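Single-structure report; data block below.
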Amino acid sequence: MLFLGVFLRKKRNESGSTSVQIISKAHSKYKVIKTIGSGPSEQEVQKLWYLGKQELERLCAQPMLFVSETDTIIEQLFDGLNNASIRTVGPEIIFGHLYDYIGFDAIKEDLFRHLVIARLAFPLSKLKTVEYVYRYQGVMLDIDAIYRFLDKLSNQLKEQAERIAFTHTQKILNGNISVVFYDMTTLYFEASDEDDLRKTGFSKDGKHQNPQIYLGLLVGIGGFAIGYDIFEGNIYEGHTLIPFLEKISIKFNLEKPIVVADAGLLSNDNIKALEDRHYQYIIGARLKNEPDKIKQQILQKKLAEGEVIKIKKSPNTRLIIAYATNRAIKDEHNRKRGLQRLEKQIKAGKLTKSSINNKGYNKYLKLQGEVKIEIDYEKFINDKSWDGLKGYVTNTSLNDKQVIENYKNLWHIEKAFRMSKTDLRIRPIYHRLKNRIEAHICISFTAYCIYKELERVLYKEKSTISLKKAAELTHNMYEIIYTLPESKLTKSKLLKMDHEQSELYRIIQKNY
């Protein structure tokens, strides 16, 4: 930034910090007019740079011989400023506002609030959270204090956080929670040892050697949270549905909503348990696992784009099959990619007898003689008949189109897991103690609820700001704290925001 031979510069110091200085240039010589200060981090240097710009403008605008009384007062005001005078308030005025609106302020634990907002704005380790809380909240903590809090938190606040989330979801859905969506995901640990909770098992993250836990999540239409639970890492996910549903139904007095879940939860035991408890359900079907008679009926129909058929499975249950061209293209692409991977593995000699199973595309393998493994290309070609077909098992009275549309909403829960694993970085988990793991999930669940509310209001206002961008925008929303020279009153003021920051701030102020 240059004003008539006077400019602002950053200078790297031997100590590793960076100084911000006002420099003048005359007769090819440089002179330091004023050092604004130095800071060890980019965030602090950015604050100093802002102060430097203000000071530079003041110096270049003032008359050379006479200084007015007003200028003197302003100069005194700036003399009273330091690094601590400017602080980042974006996470609090955006995410903190949403935290309060949803009702999480009823949890009278300041540290819980700090940890949730830190998870939203800076999804980092607990050690980094200590730095965040000090830098942006002015609260001095040590890492042990956070761990002690997590030990105390455990399941203590889970019930309250879930109830607040449920009440908010009920409000957003106008009291109508007639359809719920359930799914599970695995969360792995950066540790090699197991315990009663952390077990090695089938990992949806592909981390089969890492201890893990299962996280079950129940949401309403639109992906708004209802509740969650944690299960041992080696449990069969089909065994989690009924206990979880019963627990949530009792807790929130749910009136037997329609349960939507993917094919991973389709088993005869689950179907019977749901029907015995008078639940209606829509569950993804595994068409190739159906009896031969039903499979023949499906393939004989030769469905075209958008066509749907239904087959009665029992007096109260029907199987709905739909065809979509875009799904057929995707299925064919995935089959060919799976085949190419198998061909490479056979060529490299990486496959053995143990590889011959029905897991994934290994179903295309066969044993030739005693030792030679080959690909069954006939099976690969025959599988093309199933490309584009999707099945749904239901006992509801909804028409076929309504069943399919409700099942399509299951993508919201898949998105919830994706948001939690990427934007909120819920995994990998570095904690080892069960109560700290539970506390970590509770904090992430609360953060997810706030994320969903922000997503809702951005969509409502037709904003193009993404959730990730919104979090980034909060990083550089500043407030300056200053003391008036004469009255000695301490005041604060939000610094001017850029266009996107102003839009985000306006949306929050307008809606809450």
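The values are calculated or read from the model by the stated rules, or taken from the named source; none is laboratory data. Here the structure is a predicted model, which is why all the values come from computation and not from measurement. Cβ sites come from the backbone with ideal geometry, for glycine too, and all protein chains shown count toward neighbours. In case anyone asks, the SASA skips ligands and DNA or RNA and just uses the protein heavy atoms, side chains included. Shrake-Rupley method; radii C 1.70, N 1.55, O 1.52, S 1.80 Å.
Brief remarks follow.
- With N as its number of residues, region 445-485 has a Cα radius of gyration that, divided by 2.2 N^0.38 Å, comes to 1.63.
- Spacing of the two label points (7 Å from each Cα toward its C-beta) at residue 152 and residue 249, in nm: 3.8
- Proximity of backbone amide H atoms, modeled 1.01 Å from N, is registered between residue 103 and no other residue at under 5 Å, excluding neighbours fewer than 5 places apart on the same chain.
- Net +/- balance of residues flanking residue 168 in space, Cβ distance below 14 Å, scoring K and R +1, D and E -1: -1
- Under Stokes-Einstein, with the Kirkwood radius over Cα pairs as Rh, the value for region 80-119 at 10 °C and 1.306 mPa s is 141 µm²/s.
- As a fraction of the 1.4 Å probe accessible area of region 12-56, surface on carbon and sulfur atoms comes out at 47 percent.
- A cut-off under 10 angstrom between Cβ atoms defines the neighbours of residue 113, and their net charge, with Lys, Arg +1 and Asp, Glu -1, is -4.
- With each label modelled as a point 7 angstrom along the Cα→C-beta vector, the residue 333-residue 256 pair spans 4.3 nm.
- Taking a sphere under 15 Å around the Cβ of residue 251 and counting the other residues whose Cβ falls inside, with K and R at +1 and D and E at -1, yields a net charge of -1.
- Extended-chain gain in nm, criterion 0.36 nm per residue less alpha-carbon gap, residue 110 and residue 482: 131.4 nm
- Rolling a 1.4 Å probe over the protein chains gives residue 408 an accessible area of about 110 Å².
- Judged by the gyration tensor of its Cα atoms, with axes a ≥ b ≥ c, region 248-325 is prolate; a/c meets the 1.5 cut and a/b is the larger of a/b and b/c.
- Where N is the number of residues in region 288-344, Cα Rg divided by 2.2 N^0.38 Å: 1.42
- A Förster radius of 25 Å, combined with the Cβ-Cβ distance separating residue 346 from residue 299, puts the computed FRET efficiency at roughly 0.30.
- Here the 3J(HN,Hα) profile of region 265-282, calculated from phi with Karplus coefficients 6.51, -1.76 and 1.60 at θ = phi - 60°, is 9, 7, 8, 4, 5, 5, 4, 5, 5, 4, 5, 4, 9, 6, 8, 8, 8, 9 Hz, Gly and Pro shown as x.
- Computed about the Cα centre, the dipole magnitude for region 140-186 is approximately 220 debye when only Lys and Arg (+1) and Asp and Glu (-1) carry charge, each at its Cβ.
- With all protein chains modelled, accessible area of residue 226 [1.4 Å, Å²]: 0
- Calculated FRET value between residue 362 and residue 276, using beta carbons and R₀ = 41 Å, to 0.05: 0.70
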